[in-house]
Structures are given as C-alpha cells and as structure tokens.
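Working notes for the structure below.
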Amino acid sequence: MKSAVVIIVLAILGLFLLSSSAFIVKETEQVVITQFGKPVGKPITESGLHFKIPFIQKANFFEKRWLEWDGDANQVTTKDKKYIWIDTYARWRIKDPLKFFETVGNEMGAQSRLDDILDGETRIAIAKYNLIEVVRTTNRPMEMAATYSGELSDNSEFTVKVGREKITRQILEKISKITPSYGIEVVDVRIKRVNYVESVRKKVYQRMISERKRIAEQYRSEGMGKKAEIIGKTQRELEKIRSEAYKKAQEIKGKADAEATKIYAQAYSKDPNFYKFLKTLETLEKTVKKDDVLILSTDSDVYNLMKRAK
C-alpha cells in the first residue's frame, strides 16, 4: 500500500516537473532562456516543444513578425527656416533576440529606444533640406498650384533636387547602422504627415485664401473681357446681317415697285379714260367722308363722273 502511494506521489511530482520544464514555441515566436536573470545558451527560433530546467531557468518569449513603430509628431525647423510638424512611422523586427534582451529587455524598451533614434535622425535629416524637398518627391507639374510660400510654383527656387522619398531612404540608411547593436532591424521609414506649426498655419491659410481670391479675380477679369469680346463680335455680325438684309429687301422692293409701275403703265396706256376714272375714284375716297357736303362745278370731272353714274 505504501509503495503504491509513493509511486503515485512520484508520478505527480514527475508530471509537475515535466510541465514546469516543457514549453511550446509558436511559428511567430522566438525564445531566450535565462538562468537567474542571465541568458544561457543560444536563442530558440524554431517552433515546437522545448525544455528548460524547472524553477531555475525561465523562457522569455519575443515576437518574430514585423512590428509597427508610430512616433509622435515633432516640431522641426527646415533649412529655409520653416517651422513644421513631422509625423513618421516605421516597420521593424527583432532580428537578434539575445542582443535584444540584453540591451532593451522587451518591446516597450525597444519602442522607447526607437523613439530616440528615429526622431533624432528624422530631425537631423529634415534640417538639411528646404520644405519643398520634404513635401514633394518629383517635379511633376501642378496646374494652378500654389507653393508653400503662397506664390505660383514657376520659380526655380522651388525645384525638387532630392525629394521626400530619397530623404526617407537616407534616414533609413542612418538608422540601419544604429539599430543592429540592439538586435533590431528596421525595414522601412516613412513620413506620414507634414504640417505647419499653429502660429504659421494661420498665416499660410490667409496667403492661400488671398492667392485663391487673386486667381479667381483674374478668371473673372478674363471672363468679363471674353464676354465683352463675344458681345462685340456678335453685335458686329448682327449689324452686318441687318445691313445685308435691308439692302436685299430694298433691292427686292425696288424691283417689285418697278415691275408694278411697268404693269400699271401697260394697263393704263391701253385705256387712258379708265385710268382717269380710277384716279378720280381714289381722290374721292381719300378726300370725301360719309357726312361731308361736296360742292362741285358743272364742268368738273367729278361732277361729270357722278352724272354719268346716274
């Protein structure tokens, strides 16, 4: 009976020691074994079941995947004395877990160290170049675009010689020489946002508004000039059309009058008395009204005409 109890106790103790010594490493993890706080052996980078001395040794797990660093926006002065906020981000990983553990301890310590390194190198790099180099990457033309100084971008002073992309590559190159001493590899650095400081931003906005108003007024002026030109041209064309139409109408009217006169002459020449009769009727129609009293002499043509009518 006693031997059975001893076997059970030993089995439980064995299972406890086994569970304390065994640990599983995932595909996304890497481990540094420490003994009394000091690392022993090489880092474990292969996934699977591994063992350590229970109670004495400890497994310290670290991320194997790429990690994100997102720094705070920092105020920086450019070479042309423009005060701006620079907001950057980077991608990094733990390349040498043993060195990483010995220098920074954990991810929080690494983030703090990266803050110092990345912010410092970014500040140094930005200070070497004018703002236009930080804002743009190429000299691609921008239609009716205003530069940061509020003037149209047609000045050689605003030509990009290095550009934002190359500046970030320079920062990455400098950082890549520093971070390996901490067991860290930085793969990419980017500028997320560039903005003026608050004191300068209001003045810039005012310059931008003034510039937009000036351009709008220029458009309006050009539009009014074009409008006057179109109206003048239309008026000239209208007068020309009217003149030609009047000329054409007068020509047609003259020909019609001549033709009518010719017809009248031919008709009246055949019977002069009939012509005289018609003219007399026209005269009476125009001069005598309904209630008028007409006094005629006996030898007048009207009297003779009326006498014949009876």
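Just so it is clear, none of the values below were taken in a lab; they were calculated from the coordinates. Model, not experiment: these values are computed from the prediction. Because the Cβ atoms are built from the backbone with ideal geometry, glycine has one as well, and the counts that use them run over all protein chains shown.
Each other residue within a Cβ distance under 12 Å of residue 113 adds +1 if Lys or Arg and -1 if Asp or Glu, for a net charge of -4. Gain on full extension, evaluated as 0.36 nm per residue between residue 283 and residue 127 minus their Cα-Cα distance, stands at 45.4 nm. Between amide H atoms placed 1.01 Å from N, distances below 5 Å from residue 95 occur with 184, 185, all of them 5 or more places distant or on a separate chain. Between residue 45 and residue 297, the simple label model (points 7 Å from Cα in the Cβ direction) yields a spacing of 14.6 nm. Computed packing ranks the peptides 187-197, 210-220, 119-129 as 119-129, 187-197, 210-220, most packed first, by mean other Cβ atoms within 10 Å. With R₀ set to 41 Å, the beta-carbon distance separating residue 102 from residue 73 gives a calculated FRET efficiency near 0.80. Couplings 3J(HN,Hα) of the range 33-38, computed from phi: 8, 10, 10, 6, x, 10 Hz, in residue order, whole Hz [Karplus 6.51 cos²θ - 1.76 cosθ + 1.60, θ = phi - 60°; x for Gly and Pro].
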